[in-house]
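Below is one structure, written out as structure tokens; comments come after it.
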Amino acid sequence: MTRAFRQQRLPILATAACALMGAAIVLIAYVAPIDADQGLSQKIFYFHVPVALTAYLLFGWGAWKALRVLWKRDEAADLESYVAIHQGVIYGVMTLVTGSIWAKISWGVWWAWSSNQLVLFLVLFLFYAAYFMLRYSVEPGPRRANLCAVYALFGVALIPVSFLAIRLANDFIHPTVFTSHGPQMSGRMFLAFCVAWAALVALAATLYHVELAGKRLDARLRELREVLAA
């Protein structure tokens, strides 16, 4: 059963992502109430926050695979770590873009350098964006895999710092929604948020496996060309 699931994993993930995304759009548009303070613009929250959380998950997954490179000498984990970080950077771009749009609509500013949360996420994003400069400046092989793995593991330390900064600070840019007393939103809002997050995680998993399959196929084709050219 496990082997059959692995063979059908991509279609299952893609179907789940489409179904969850459709459900999320319906819940956000028709079920979740309009916020009394921010109005209709608050609905970008259901996309912005799940995208940011999914970026954290992708960076964390990349760090886990990097650990396997150093600990288990797992050669396949190097490519998996790279793909996870690549997807995380894409989600990081979406986080910064949606956050800036939301801030401009709601508070009249695109960016506030005085906000530690914004700056810390930008530092996290730039750190992982620089990962590709390191990767492509070193020839493929064990040395590159080890250097990239160490770099990815250093970056994972920024994730809890960035996440906790949003929770500990309380300013107009990032009001605290999730507290020790639970989510500060209605049940319908929380349902829409959970479904939207599930949809974006499923989408990330789908894109991760699509890119990973493409990279593996490209590597096999290169090996085949080398064999035929020999």
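The numbers here are math on the coordinates, done by the rules we state, and not lab data. Note that the structure is a prediction, hence the values are computed from the model and not measured. Heads up, the Cβs are rebuilt from the backbone with ideal geometry, glycines too, and the neighbour counts pull from every protein chain shown.
Contact order normalised by length for the chain, with contacts defined as Cα pairs under 8 Å and 6 or more residues apart; what percent is it?
Rounded, it is 34 percent for the chain.
Subtracting the Cα-Cα distance of Arg222 and Trp110 from their residue separation scaled by 0.36 nm leaves 35.8 nm.
In this structure the amide hydrogen of Asp35, modeled in the peptide plane, comes within under 5 Å of the amide hydrogens of Gln42, none closer than 5 places in sequence on its chain. Near the amide H of Asp74, within less than 5 Å, lie the amide hydrogens of Val69, all on another chain or at least 5 residues away, with H placed in the peptide plane. Dividing the summed helix terms, -39500 (n - 2.57) for each DSSP H run of n ≥ 4, by the number of residues in the chain produces a 222 nm estimate of -25500 deg cm²/dmol to the nearest 500. Out of every Cα-Cα pair that region 63-139 contains, those further apart than 22 angstrom amount to 38 percent.
Other residues with beta-carbon under 12 Å from the beta-carbon of Val31 carry, at +1 per Lys or Arg and -1 per Asp or Glu, a net charge of +2. Among residues other than Asp218 with Cβ under 11 Å from its Cβ, the summed charge is +3 (Lys and Arg +1, Asp and Glu -1).
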